[in-house]
1. Could you work out what % of the accessible surface of the stretch 157-247 is carbon and sulfur, using a 1.4 angstrom probe and leaving DNA, RNA and ligands out of the count?
2. Within the stretch 165-185, list the residues whose amide N lies under 18 Å from a label point set 7 Å along Cα→Cβ of residue 135.
3. Would you work out the relative contact order for the stretch 70-147, in percent, from Cα pairs under 8 angstrom that are 6 or more residues apart?
4. Normalising by the residue count of the stretch 114-247, find the relative contact order in percent from Cα pairs under 8 Å and 6+ residues apart.
5. State the extension gain, in nm to one decimal, for the chain segment bounded by residue 118 and residue 13, taking 0.36 nm per residue of separation less the distance between their alpha-carbons.
6. Among the Cys residues of the chain, which have no other cysteine Cβ under 4.7 angstrom away?
7. Could you look at the stretch 5-57 and say what percent of its accessible area is carbon and sulfur, using a 1.4 Å probe and all protein chains?
8. Run the numbers for residue 29 and residue 55: contour at 0.36 nm per residue of separation, minus the present Cα-Cα distance, in nm.
Amino acid sequence: MARKFFVGGNFKMNGTTASLSQITERLVTSDLDKNVEVVVAPPSCYLNPVKKSLQDKVGVAAQNTHEAAKGAFTGEISNEMAQDCGATYVILGHSERRHVFGESNEQIGKKTKAALEAGLVVIACIGEKENEREAGDTMSVCIKQLTAFKENISDWSKVVIAYEPVWAIGTGKVATPEIAQETHKDIRKWISDNIGADVANSVRILYGGSVNGKNCKNLSQQPDIDGFLVGGASLKPEFVDIINCNL
């Protein structure tokens, strides 16, 4: 089964009305590869204007949502609120949510179940820290994270996996195409062995970690890399080059 290439842009806590207008204008006016599914994740306060600016050309994701539909959760947004602002995707399990805000595998699993039940597509993030890779624990860490997702997912067609080695996020370090491919291949094999071959063949596994306009083409040519979750470069003109890396 052919897996449609996917490029997501995670703006993180960056942007203003003016700067995001420039980004959306660039995306709307650029000739983007029609064989690529493109999604951007602005800060939650900009979901609605970004969605309106992009119309239907590019999808919009929330960077995070709470598992509860409503309640006394100051500073959080629900899946329904994200949808009301135009989001059809949500990023869950990002390393910054795990390691900066202390979200556990269990909590991320609950968030995933709630998001899927609300009708959002989940971009499920996994990845190891540098000391874990050096200790040879890359897959054991990823398996624990994948298991928490697995226990809360019934329809894998509504899930995109993003493998983001924490040591490569925003550091300028990037896994070589060969290193990234090896881990992606291992992830796909685990999915085949523990969920099913059909899911393994169809689910898209993105790479994230200092992806830019220069390294994206070599990474995209690896057989088990189905796209990218891009951080800093998604705020720059080269994001279009990343989207069009297969042209």
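The values are calculated or read from the model by the stated rules, or taken from the named source; none is laboratory data. These figures come from a predicted structure and were not determined experimentally. Note that we place each Cβ from the backbone using ideal geometry, even for glycine, and neighbour counts take in every protein chain shown. Remember, those area values only see protein heavy atoms, side chains included, never the ligands or the DNA or RNA. Shrake-Rupley method; radii C 1.70, N 1.55, O 1.52, S 1.80 Å.
1. 49 percent
2. Only 165-168 fall inside the zone, counting backbone N under 18 Å.
3. 31 percent
4. With pairs under 8 Å counted, the relative contact order is 23 percent.
5. Taking residue 118 through residue 13 to full extension adds about 35.3 nm, to one decimal.
6. 45, 85, 125, 142
7. Answer for the stretch 5-57 is 50 percent, counting heavy atoms of protein chains only.
8. Going from the current span to full extension adds 8.2 nm.
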